[in-house]
Amino acid sequence: MLRLPPFRYLAPRTLSEATRLLAEEGPQAMPVAGGTDLLPNMKRRQFTPAVLVGLRRLRELKGISGSPDVGVRIGAGETLTSISNHPLIRAHYPALALAAAAVSTPQLRNAGTIGGNILLDTRCNYYNQTEFWRHSIGYCMKRDGSICLVAPGSPRCWAISSADTAPVLVALQARVRLVSVRGEREIPIQELFYDDGMRPYTREADEILQEIWLPPALGWRSTYLKLRRRGSFDFPILGVAVALRREPDGRIGDARITLGAVASHPVEAEEAMARLRGQQPTPTLLQEVATLAAKRARPLDNADLTITYRKQLTPIYVRRALDLLVEAEQGSGAE
Amino acid sequence: MLHEAQRQASSVLIGTALPRQDGEAKVSGRARYAGDHLPAGVLHARLVTSPYAHAFIRRINPSAALALPGVVAVFTAANLGLRSSDGSVRSLEPLAGTEVCWCGHPVALVVAETEALAEDGAAAVEVDYEPLPAVLDPEAACRPGAPRACLQRDFRETLRQSHALFLPPGTSLEEEGLSPNAAALPPLRMGKIEEGLREAEVIVEEHYRTSPVHQSYLEPQTVLVVPDAHTRQLTIYSSTQGLLNARRAVALALGLSERQIHVEPVPVGGGFGGKEVLLEPLVAAAALQLRRPVRLVYTRQEELLAGNPAPQTAITVKLGARRDGTLTAIQVRLILDSGAYPYPLAGLSGFHFSNLYRCPHLAIQSYLVQTNKPGSAAYRAPTGPQAYFALESTVDELCRRLGLDPLAFRLRHALREGDARVPGGRWPRIGLVECLEAVGSHPLWSERERVRSELPAELSGWRVGIGLAAGGWPGATEPAAALCRLESDGSCTVIVGSVDMSGSDSSLALIAAEVLGLPPRAVTVVHEGTDTMPYSGLTAGSKTTYALGSAVLAAAQDAREQILTIASELLEAAREDLELRDGRVTVRGVPDKYVTFQQVAANSTNFGARYAPVFGRGRSANATSGPMFAVHLAKVAVDPETGEVRVLDYVAAQDVGRALNRGEVEGQIYGGVAQGIGWALQERLVYGEEGQLLTGTLMDYALPHSQDVPSITPLIVEVPCELGPFGARGAGEPPVVPVAAAIGNALRDALGLRLTELPMTPEGIVRAWQESESGNRTPSAGS
């Protein structure tokens, strides 16, 4: 039986009350929204906060509004189900709808929020285990131990960014707003991430992720492909988010390719994106771009299925995502 | 010779699909399983388990746990008070003494007022270990110089003393060049294998490996033991598959008489062979000492860590044939991973290779190997999925080498009535040929060229293959008894002591209803506990309907005779002129001359009534089992670039002798195929280098999801079995047996590659595909 450690639960009604509580309680407090990631982690003692500050009642974290020509605001407390079902997102930011729909199971998508998914704790075979198991294997540096069990000589932690929506939001060039008693900041979502499995986010302990801003979508197409063992429930072992904007003459005006679950943060394939810009998307070019993008994937042996397989599948998935977008455009005629 | 009732009965009910009597309670959540019983004052137990796969226990210090409020007791092997055992059966030695031999090996039991307090207590028990080298892989464990899996007991000596294995006295188990972890079991032979291989013009040899797999029943292992306040009497509620088996084990372990132990009948949420007896003696010992009820319910992690899964195997199959397609030799080397304890079904495993085809020369050598893993146990057709995966993959390869149609080859060599059987005797009437014919005429096979070209649009670029495989299960038998009582409302109660794991109650009810001319809802099957139940063995081996059904048939016939005797006097008519229908006894041809069952009951139960109560008694001892066969067809699509596999269509032919409740038989086939897909493509318990389980949750241990299981078409074949009720054979075991082989053969058809390791994972497929693409065209590759 896995039990939650003891904690106090606070249920603020406003965002300012929530930020005040987080500030007052200090680092022993953690915010909780859907709880689908945090509570199991607490049961396994990856986290043992003395206080949980519930975000469920905060209206400031709700709502999806906007339009493809001005952009869309998404409250961080919106559930993954509401995002995957939202007509505006489905029509104009399909990669995000696909990614939200690909998270876990319907029950967890009904409870889990997009803010929680973005701030999902990084994962590793040696870390996402029970206290009993981690004890039996001698603990790792991410919690209770001193070394990395994946790469014992390494000074850093290699736990994997496993959020489906994170690479998509990077590819869509989203911005996020963080709020604390110290003030507010709005940053490009890339700046929310560190390449560090132990401390994967720049969010401070007293900050609440309030909302996500998607830029205008006109002219863009996007998609998300997820590799995992089974068609539901499982975390990604590779996520490929691609967004393309074509010029009227068919050339690629702009391209964003972001890989998930290959490092401790979502990885942008800059070289591959640069290679695509201004070019006609020929099969040869797309293959070259896929190979370039895959170079950015350096998985370690710490997730489901082997490292070799995950490496092999990266160019194939990137190529397929590119093909989908290019073919769709050619099938429907360029906008 | 068929039973009289079978000839008499018009079979209005047999073969229909009837709902289960227990269905509504289970679907609505009202069924009360062992874990749902919470008597006043119940204590909760949790295990302290070893984090090491192999270690000496230097010291166990329970004082910190005992100091916690609410912790009532901490038991270790030293103070549990069980009789000493030879170490061959885990349930009789449930806590490690001075050596732990697998990660998850229980070392202490903490009993507390609540489950949470027990968990706290378990975390506070200090155990000082001295870690030892562990050996996990059964092939590696065989090699001389491999670390010894257990140091304090000689494995071969334990095997020789174990009653479960039925080894002939004086069996050596030694073989040169074999580590003491391994035991060479007595070989199975027919003809002269050297001759068979010499005669062969084509020889195909393949090496296969399969993974350990968990039975994954819905209800976890559960035991509640309620001691009598004043006497040494124990009442037990358990998820066991055999009430008397649990009673015997507890009596043996605690040194009590069987009459002191009362095992109550409760619904069981699946077992598949994994719930014989495991934790009953442990919990009983704690309850007896504490004089309070004690309850232990496994978590899913404990199931995966400290259950008793199906064994890992490594199998080499060598087949020899002449160019004209005549099979001349079957040679098999089978390595069975015993885990830390003797695998009680080891002796059965070799027979699978002799149970499909006529072949004059046969040699099967099995090895049982001790490793630092939990002890292996039965799982639905024990070792069938592993053995037939190896055998039927190799047969498929042989057919390709010979350029023969795989169905024609199998039809030509399929065992038939009268064929010689290993180790002796002849095969009775069996339905293997009929099953092969049934799939042969199904469009998925007969029109497979067309079917192969049909692919859903979203899978364009994927390759499609169709695979065929056969499998069998020899069946089992055991004496059984049943009672049949007429109630005053004219209904009938069938009293048994079996555990209904698969819907067998509905078949038992049908048998009685058919014999008595009652609507099925007028028959209730009631389960008695060990104090009063008619004899029934373990629910296992696909024998409940076959063996206990025969006893129910006899009991119903006995009741029928008693009803006829009373009715013939009441109606003043000859017995031969009477018929039983719709709860009445009617004079044939005179519809208004009848007595109802209520009248018969009134005349045999009321105060001052003239006749003895209707109380049928049935006993059976079917001398032989009824062998079962299944032949499956799988249509799969595979993406060679990613290795993803989708099973698109599935046909399962199975000889059930006679389908009593057709709905239940089909249900068995659906469930068996679904589990087989898990074996084939997804499931494996993975252990780290030092023996820690890496797949301790259902996120890591990948069971099939609903979307992984295609539409399944059952083809029910009915070749009557002489001793089964109405000709029925068992039905539960066979549908899991051929699945991995059928899917493997379909992948071979799709990709031109032989996959030799279960599960056949995407990465294994990609690796094999790339090796074959790069010109390194070996016909086989692991996954």
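A few notes on this one:
- Evaluated over the stretch A:1-143, the Cα radius of gyration and Dmax, each in Å: 17.0, 55
- Taken residue by residue and averaged, Cβ atoms of other chains lying within 10 Å of the Cβ of A:229-235 number 5.
- Ordered from highest to lowest accessible area with the whole protein assembly present and a 1.4 Å probe, B:H361, B:H207 read as B:H207, B:H361.
- Averaging 1/r over every pair of different alpha carbons in the stretch B:600-685 and inverting the result gives a Kirkwood radius of 18.1 Å.
- Ordering B:L80, B:I335, B:G271 by Cα displacement along the dipole of the protein assembly as shown toward the positive end leaves B:L80 in first place; charges were set at the Cβ atoms of Lys, Arg (+1) and Asp, Glu (-1).
- Spatial separation of Cα centroids for the stretch B:653-691 and the stretch B:433-498, in angstrom: 10
- Note that the stretch B:328-486 shows a convex hull volume over its alpha carbon atoms of 244 Å³ per residue.
- Qualifying GluC sites (Glu not before Pro) for the stretch B:549-587 [loop in DSSP, other Cβ within 10 Å: at most 14]: B:E572
- Within chain B, the longest segment free of exposed loop sites, counting chymotrypsin sites (Phe, Trp or Tyr not before Pro) that fall outside DSSP classes H, G, I, E and B and have at most 12 other Cβ atoms within 10 Å, spans B:167-606.
- Cα principal axis extents for the protein assembly as shown, largest first, Å: 99, 76, 73
- Between B:T713 and B:Q598, the modelled labels are 4.9 nm apart [label points 7 Å from Cα along Cα→Cβ].
- All Cα pairs of the stretch B:660-745, percent lying beyond 20 Å: 48
- Placing unit charges on the Cβ atoms only, positive for Lys and Arg and negative for Asp and Glu, gives the stretch A:220-332 a dipole magnitude near 260 debye about its Cα centre.
- Gain on full stretching of the segment that runs from B:A116 to B:S774 - 0.36 nm per residue minus C-alpha separation: 231.2 nm
- The ellipsoid that matches the Cα gyration tensor of the stretch B:88-152 has semi-axes, each √(5λ) in whole angstrom, of 30, 13, 10, with the longest given first.
- Summed over qualifying helices (DSSP H, 4 residues or more, each -39500 (n - 2.57)) and divided by its residue number, the protein assembly as shown shows a 222 nm mean residue ellipticity of -8000 deg cm²/dmol.
- Minimum 20 Å² accessible area buried by the other protein chains, the stretch B:114-145 residues, probe 1.4 Å, relative to alone: B:E115, B:A116, B:E119, B:D120
- For the stretch B:531-681, the alpha carbon convex hull comes to 189 Å³ per residue, rounded to a whole number.
- Filter on B:K192/B:K543; A:K43/A:K295; B:K318/B:K373; A:K226/B:K635; B:K192/B:K635; B:K192/B:K373 - keep pairs with C-alpha separation over 31 Å: B:K192/B:K543; A:K43/A:K295; B:K192/B:K635; B:K192/B:K373
- Using the alpha-carbon positions of the stretch B:35-105, Rg (one decimal) and Dmax (whole number) come out as 14.1, 39 Å.
- Label positions at B:R198 and B:F607, each projected 7 Å from the Cα along the C-beta direction, are separated by 8.8 nm.
- Contact order, relative form, for chain A: 16 percent (alpha carbon pairs under 8 Å, 6 or more residues apart, mean separation divided by residue count).
- At most 10 other Cβ within 10 Å, DSSP loop - GluC sites (Glu not before Pro), the stretch B:39-145: none
- Rg/Rh ratio calculated on Cα atoms of the stretch A:277-318 (Kirkwood radius): 1.10
- Comparing chain B with the 2.2 N^0.38 Å rule of thumb, its C-alpha radius of gyration ratio is 1.00 (two decimals).
- Difference of contour (0.36 nm per residue) and Cα-Cα distance, A:A50 to A:L285: 79.2 nm
- Where only alpha carbons of the stretch A:220-332 are counted, the Rg and the Dmax (Å): 13.9, 44
- Rg/Rh ratio calculated on Cα atoms of the stretch B:221-326 (Kirkwood radius): 1.27
- Solvent-accessible area per residue for chain B (1.4 angstrom probe, square angstrom): 36
- In percent, rounded to a whole number, the relative contact order of the stretch A:220-332 is 24, using alpha-carbon pairs under 8 Å and six or more apart.
- Reduced Cα scattering model of the stretch B:169-243, Debye log10 I(q)/I(0), q = 0.17 Å⁻¹: -0.98
- Interface size A-B, as summed buried accessible area [1.4 Å probe, Å², nearest 100]: 2600
- The protein assembly as shown - percent of accessible surface contributed by carbon and sulfur, probe 1.4 Å: 52
- Relative compactness, chain A, computed as alpha-carbon Rg over 2.2 N^0.38 Å: 0.99
- Computed over every Cα-Cα pair of the stretch B:471-526 and binned at 5 Å starting from 0, the pair-distance distribution P(r) comes out as 4, 18, 27, 21, 14, 8, 5, 2, 1, 0 percent.
- Structural descriptor for chain B: relative contact order 15 percent, calculated from alpha carbon pairs under 8 angstrom and at least 6 residues apart.
- Loop-located GluC sites (Glu not before Pro) in the stretch B:428-511 whose Cβ has at most 16 other Cβ within 10 Å (DSSP): B:E447, B:E454, B:E487
The values are calculated or read from the model by the stated rules, or taken from the named source; none is laboratory data. Keep in mind it's a predicted model, so treat the numbers as computed, not measured. Cβ atoms come from the backbone with ideal geometry, glycine included; neighbour counts cover every protein chain shown. Calculation scope for accessible area: heavy atoms of the full protein, side chains included, ligands and nucleic acids excluded. Shrake-Rupley method; radii C 1.70, N 1.55, O 1.52, S 1.80 Å.
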